[in-house]
1. Report, by residue number, each residue of the stretch 108-129 that is in a helix (DSSP H, G or I) and open to solvent by 50 Å² or more (accessible area, probe 1.4 Å).
2. Hey, among Val101, Val13, which residue is of a type in the set (Val, Ile, Thr) and touching a Lys or Arg at 6+ places or on another chain (Cβ under 9 Å)?
3. Scan the stretch 219-228 for residues that are more than 24 Å from Lys57 (Cα to Cα) and open to solvent by 20 Å² or more (accessible area, probe 1.4 Å) and jot them down.
4. Scanning for something in contact with a helix residue (DSSP H, G or I) (Cβ under 6 Å, 6 or more places away or on another chain), closer than 18 Å to Glu122 by Cα, open to solvent by less than 60 Å² (accessible area, probe 1.4 Å) and in a loop (DSSP other than H, G, I, E, B), does the stretch 229-239 turn up at least one residue?
5. Return the residue satisfying two criteria in turn: it lies in the stretch 130-151 and is in contact (Cβ under 8 Å) with a residue 12 or more places away in the chain and of a type in the set (Lys, Arg), and of such residues it is most open to solvent (accessible area, probe 1.4 Å).
6. Please identify the pairs in which a residue from the stretch 32-44 that is farther than 12 Å from Asn251 by Cβ has its Cβ atom under 8 Å from the Cβ atom of a residue that is acidic (Asp, Glu), counting only partners at least 6 apart or on another chain.
7. The conditions are (1) in a strand (DSSP E or B); (2) surrounded by 20 or more Cβ atoms within 10 Å (Cβ to Cβ); (3) over 14 Å from the mean Cα position of the chain (by Cα), and Ile52 fails exactly one of them. Which is it?
8. Mind counting the residues in the stretch 152-184 that are touching a Ser or Thr at 6+ places or on another chain (Cβ under 9 Å), modelled with pLDDT of 90 or more and crowded, with 18+ Cβ neighbours inside 10 Å?
Amino acid sequence: MKYKKGHFYIENVSAKNIARQFGTPSYVYSYSKIKDNIINFKKKFKTINPLICFSVKSNANLHILSLINKFGLGADVVSKGELLVALKAKIKPEKIVFSGVGKTVEELKFAINKKILLINAESENEIIEIEKIAKKSKKKINIGLRLNPDIDAKTLKKISTGKKENKFGLNGKEILEILVRYKNSKFINIICLSVHIGSQITSHIPYKNMLKEVNKIIQKSKYKFEYIDLGGGMCIQYEKKLRKLNYSKYNKLIKSFLSKNNAKIIFEPGRSIVGNAGYLISKITY
């Protein structure tokens, strides 16, 4: 993406020509940039071999999701609509995680019928509902428990999701109680501990604190989680002076965590995959 003789080009295609052909406003995404972002993300975390589930809420365009699928990524969804479009993009159900607060009974039934990897439960009320559905359908459902670690991600207050006053997840005490209560359930299989502390995170320090809290729960409960879902929140540079998240330092923290806890890591990046690959072309009217 660059200027040539005063005209803006996206992958050697003139923005002016795009505007002529498709009108304005038009959103344009760079295939090369998305591809580079995915390859770079995979490379930075190669040593821990995570399951990367693209956060569909960051961009639910079918063509972009099909591209995401082409590079082997799964999907993190927060609604039936997002799940539908992920499946339409041919993303495999066993690579789909259903997160988010306020899932309806209809959404839970749909996700269960599609045999997705797991549902990240945000409350015990949700677990009760999942167990009811599972009992009726005579199935054992894989779920994750979302921990609210009371961690300040040092980002915008309006997009904070990991502090105790935020609406997301269960506190440590609640998780420990649920693990005991449901360990012998015939219909609920708790396979994941999930956490997501916010968006546009520029430092590895909040992640370091987050991993400490996750480790505390594992040590206290002595529970064997198959997956640890670390969410997303990795930043992009809106301005050159904005600090970039050091992926290498974050990777090192996770490797240290995995040396004590044998589990598969799940990531849910969104903005860091598509946020700096898109352009809005508009025209000045007056």
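The values are calculated or read from the model by the stated rules, or taken from the named source; none is laboratory data. Please read these numbers as outputs of a predicted model, since none were measured by experiment. Positions of Cβ are backbone-derived with ideal geometry, glycine not excepted, and every protein chain shown enters the neighbour counts. Areas reflect the complete protein model, heavy atoms only, side chains present, ligands, DNA and RNA absent. Shrake-Rupley method; radii C 1.70, N 1.55, O 1.52, S 1.80 Å.
1. Listed by number, the residues that qualify are Lys109, Asn113, Glu124, Asn125, Ile128, Glu129.
2. Val101
3. Answer for the stretch 219-228, where residues must be more than 24 Å from Lys57 (Cα to Cα) and open to solvent by 20 Å² or more (accessible area, probe 1.4 Å): Gln219, Lys220, Ser221, Lys222, Tyr223, Lys224, Glu226.
4. Looking through the stretch 229-239, none of the residues is in contact with a helix residue (DSSP H, G or I) (Cβ under 6 Å, 6 or more places away or on another chain), closer than 18 Å to Glu122 by Cα, open to solvent by less than 60 Å² (accessible area, probe 1.4 Å) and in a loop (DSSP other than H, G, I, E, B).
5. By that ranking, first place goes to Lys135.
6. Ser32/Glu11
7. Of the numbered conditions (1) in a strand (DSSP E or B); (2) surrounded by 20 or more Cβ atoms within 10 Å (Cβ to Cβ); (3) over 14 Å from the mean Cα position of the chain (by Cα), the odd one out for Ile52 is (3).
8. Residues meeting the conditions: 3.
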